[in-house]
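S.K.: First the structure, then my questions, so here it is.
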Amino acid sequence: MVAKALARTPCYNARMISVEEALERILARVGTLGEEQVPLTRALGRVLAHAVSSTLDLPPWPNSSMDGYALRSADATGASTKSPARLEIAGRIAAGHVADKPLTAGQAFRIFTGGPLPDGADSVIPQEEVTTEGTTLLVARPVKAGEFVRPRGEDMRAGESVLERGRLIGPAELGLLAALGHAQVRVVRKPRVGILSTGDEIVDLGGLLGPGQIPNSNTYSLTGQVIEAGGEPVPLGVAPDRLEEIEARFRWGLGCDLLISSAGVSVGEHDFVKAALEKLGAEQHLWLVNMRPGKPIAFATIPSTGKGALPVFALPGNPVSAMVTFELFVRPALRRLGGHARLQRPVVQARALAAIPNPGRRRGFLRVALTADESGGYGARLTGDQSSGILRSMVAADGLAVIPGDSTIAAGEMVPVILLREVR
Ligand code: AMP
Ligand code: MG
């Protein structure tokens, strides 16, 4: 009966589409969320909602980059060990203090790192390079104008654009925002992501496994992926393979910014996810994607009042398929919602350390472990059996090697790899 219902949906007999086309269809329907204000100290890992321009020159005045002596370079012209320039030590400037008088010809001021250069001086000579005789400084080499001076505005100038919208805020960004006086920062709201697992056989954490049952792992790997992509997971539990139950769980999640389900999305007689979405009025935009693992993946939008349509991903149930389809499709959508300028993982070229076969017509996204080689490149090796139920081969994977259908990357050949994490 359900199979009949599915046969009526426009995508049932649709041709398989490419990963690129699928992603295009998805991103065309996902916008960026609104903003909120957070204290600077809570802004790490958030996404900047607006561009930031500098309001000041930094540093605000030229200052010394060494402990030494400020002087006029002209006063040391032609100086040498045999005939050093002799200057009068006539002042002292520590960081946080300014000279009370300008420096005049024939003078040097003692100065410390960060001390503002006095008017009249144009350079600094480090203390290791000079000698003193009482209040006389002996400079035994010529000095260039600007030597050991950090000029005003060398870091940034007033009016200059310094951070772009959509930038992930890291430690350096925090420092820069603090330097510009931003005690509060406007960031893009974190997407709330409802995560639903489905299946009569699925037992959640804390439950006992009965005959024919398996533990729920998808909820937790997807939770981790959501958090890593900048989202806020909202658990929607485990629904049995019953249309009404699945629909009810989806309803719980209607207040979220994105919904993910796993399993029950194929054409089996117990696959009710698509039918449940249909009952919620969802419009389906894709189903079969030319990839291995994880061919059946539905992307739909539920029209909702108030905000725009709610994107829903119905991922396959196999633990690896769920994770890989998340990587390829959900992660970019989630990052778009979260305002990230960069949606995609980095792709590196790696040398196959052994043959990497991709039998079958579908494009392979195969789990590989990467090693850094001496030349700074990467070597790639399959993590083992590529069956989509083997979570341990995902645990061992640093990346996904992208291989055309019906082909083998021979040992020594290069292959593009989507980097999933830092190579250890
Ligand atoms: P399905 O897409 O419903 O045919 O499920 C495919 C496979 O994934 C089956 O072997 C399921 O038992 C397994 N599976 C489905 N959901 C989960 C889950 N939440 N955790 C672990 N395995 C699952
Ligand atoms: Mg199932």
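S.K.: Need at least 1 residues that are open to solvent by less than 10 Å² (accessible area, probe 1.4 Å) and touching a residue at least 40 places away in the same chain (Cβ under 8 Å) per element, so show me which strands (runs of 3 or more DSSP E) inside the stretch 351-424 make the cut, counting only ones lying wholly within it. Let's see the steps before the verdict.
M.R.: Details: elements: 356-358, 363-372, 378-382, 399-403, 407-409, 414-419.
Strands (runs of 3 or more DSSP E) meeting the threshold: 356-358, 363-372, 399-403, 414-419.
S.K.: Taking interchain pairs and intrachain pairs at least six residues apart, which have beta carbon atoms under 7 angstrom, with the first residue in the stretch 147-172 and over 30 Å from GLU228 (Cα atoms) and the second polar (S, T, N, Q) and part of a strand (DSSP E or B)?
M.R.: Sorted first by the residue in the stretch 147-172, then by its partner, the pairs are GLU147/SER123; PHE148/SER64; PHE148/SER123; VAL149/SER64; VAL149/SER123; ARG150/ASN63; GLY159/SER53; GLU160/SER53.
S.K.: What's the total number of residues in the stretch 32-57 that are part of a loop (DSSP other than H, G, I, E, B) and either farther than 30 Å from ALA300 by Cβ or within 18 Å of the chain's Cα centre (by Cα) (or both)? Talk me through it step by step, then tell me what you get.
M.R.: Start the filter on the stretch 32-57 by keeping residues that are part of a loop (DSSP other than H, G, I, E, B), which leaves 32-34, 43-46, 49-51, 54-57.
Keeping just the survivors that are either farther than 30 Å from ALA300 by Cβ or within 18 Å of the chain's Cα centre (by Cα) (or both) gives 32-33, 43-46, 49-51, 54-57.
Counting residues in the stretch 32-57 that are part of a loop (DSSP other than H, G, I, E, B) and either farther than 30 Å from ALA300 by Cβ or within 18 Å of the chain's Cα centre (by Cα) (or both) gives 13.
S.K.: Would you mention how many residues in the stretch 317-342 are within 16 Å of ligand 2 (Cβ to nearest atom) and either open to solvent by 10 Å² or more (accessible area, probe 1.4 Å) or in contact with a Phe, Trp or Tyr (Cβ under 7 Å, 6 or more places away or on another chain) (or both)? Lay out the reasoning, then the answer.
M.R.: Start the filter on the stretch 317-342 by keeping residues that are within 16 Å of ligand 2 (Cβ to nearest atom), which leaves 317-322, 325.
Pick out the ones that are also either open to solvent by 10 Å² or more (accessible area, probe 1.4 Å) or in contact with a Phe, Trp or Tyr (Cβ under 7 Å, 6 or more places away or on another chain) (or both) and you get 317-319.
Residues meeting the conditions: 3.
S.K.: Being over 22 Å from the mean Cα position of the chain (by Cα), surrounded by fewer than 19 Cβ atoms within 10 Å (Cβ to Cβ) and within 16 Å of ligand 1 (Cβ to nearest atom) is true for just one of LYS279, LYS295. Which residue is that?
M.R.: After ruling out the rest, the residue left standing is LYS295.
S.K.: If we keep just the residues of the stretch 227-249 that are out of contact with any Lys or Arg (no Cβ under 7 Å at 6 or more places or on another chain) and more than 16 Å from ligand 2 (Cβ to nearest atom), which is most open to solvent (accessible area, probe 1.4 Å)?
M.R.: The extreme case among them is GLU228.
The values are calculated or read from the model by the stated rules, or taken from the named source; none is laboratory data. This is a predicted model, so every value here is computed, not measured. Backbone-built Cβ (ideal geometry, glycine too); neighbour counts: all protein chains shown. Heavy atoms of the whole protein, side chains included, go into the accessibility calculation; ligands, DNA and RNA do not. Shrake-Rupley method; radii C 1.70, N 1.55, O 1.52, S 1.80 Å.
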